[in-house]
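A quick write-up on the structure given underneath.
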Amino acid sequence: MSKTSQRCVLVLGCGALGGALIERLGRCADVNVVDPSPRVRVPEHIFHSVQALQERSFDGLIVATKCYDLNRALMPLKNRAFVGRILFLQNGILDLRDILRAFPQAAIVRGVTTSAVGISSRRAVFHYQGEFFLAPEGSKKNEAVGWFGRLLADAGLKTSLVSKSSRIVWAKLIFSAVMNPLPVMTGQGYDILRKDKEIWKLVQQATQEGRMVARRLRVRLAFDPLRLIHRVRDGDLKGISHWGSMFQDISAGRPTELDFITGALIRQARQAGVKTPALDMILQRAKLAGA
């Protein structure tokens, strides 16, 4: 059986992560792409406008847009394409209520990745290939988690399946809330974690504050964000010019996800009664630097 007859996938969002996935998924599925403003080169034969979909059916939809673009990008698909499964790969805490109402037939999956992805000469590249974590959205199990897990694994991407979406969302939220603003506020790459003792102390404290919020909310993290930060500090990105997505966005004149990631974590901390002086400092310094 050919890959086309096996799985038909629609990728919404053609930035760094979406572009990297398109290239990998093309090895094992019929991949189609929708993005009004793609940041990477996409083969013309797989690129579509929303209007051109004409109520096509897809086995799975992978949403790789920025948090602030989510509803604007996804809602036009409501009456244009039938999708049985949707995988959201955003960092941050999402309000999916409108989307769940718009796509009542779809099984919803949340996903995060510890990979570092960037764009070079309009081509998406994995600077560091980490792991994808997938979990069902809500309390009900659904087969879509396994379906997307097999899809990513067949594309050569290490993937782990987790029982609750809060476990993966919060682990990545804490990591991203601390690490994404770092190059913005310091003007340096991640080697500053080794070079500057005060920055390293701030990062450790901010991560601990995030973990305290998760504990207060009784969320058991799927992975330890501080352990992942230690790996970055110890050289996972050594020799790689990767300054994180937030720095890339500012350099390109795009909005950042600072409020959806670091700001969201701080708001959750306020509701949980957890003080966050280190996270507050990171947020303030990143805003002053233009995020």
Worksheet, complete the sentence: When segment 43-65 is checked residue by residue, the ones that are surrounded by fewer than 21 Cβ atoms within 10 Å (Cβ to Cβ) and not in a strand (DSSP E or B) are 43, 44, 45, 46, 49, 50, 51, 52, 53, 54, 55, 59
Worksheet item: Does segment 93-106 contain any residue that is under 19 Å from residue 20 (Cα atoms) and either in contact with a Phe, Trp or Tyr (Cβ under 7 Å, 6 or more places away or on another chain) or assigned to a strand (DSSP E or B) (or both)?
Response: no
Fill in: Residue tally, condition crowded, with 21+ Cβ neighbours inside 10 Å and either acidic (Asp, Glu) or free of Cβ contacts under 8 Å to residues at least 12 places away in the same chain (or both), over segment 259-287
0
Practice prompt. Note down all Cβ pairs under 6 Å where the first residue falls in segment 14-29 and is assigned by TED's automatic domain parsing to the domain that holds residue 115, the second is in a helix (DSSP H, G or I), and they're at least six residues apart or on different chains.
Written response: 28/3; 28/154; 29/3
Discussion item. I'm trying to understand the selection: among the residues of segment 67-89, which are under 24 Å from residue 29 (Cβ atoms) and either in contact (Cβ under 8 Å) with a residue 60 or more places away in the chain or of a type in the set (D, E, K, R) (or both)?
Written reply: 69, 73, 74, 77, 78, 80, 81, 83, 84, 85, 87, 89
Worksheet item: Would it be correct to say that residue 248 is crowded, with 17+ Cβ neighbours inside 10 Å, at pLDDT below 90 and outside any loop (DSSP other than H, G, I, E, B)?
Response: yes
Discussion item. Whether any residue in segment 107-129 is of a type in the set (Gly, Ala, Ser), closer than 25 Å to residue 267 by Cα, at pLDDT below 90 and assigned to a loop (DSSP other than H, G, I, E, B) is what I want to check.
Written reply: no
Response to the item:
Scanning segment 113-135 for residues that are under 19 Å from residue 249 (Cα atoms) and of a type in the set (A, V, I, L, M) gives 116, 117, 119, 124, 125
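The values are calculated or read from the model by the stated rules, or taken from the named source; none is laboratory data. The structure presented is a predicted model; accordingly, all values stated were derived computationally and were not measured. Glycine also receives a Cβ, built like all others from the backbone with ideal geometry; neighbour counts cover every protein chain displayed.
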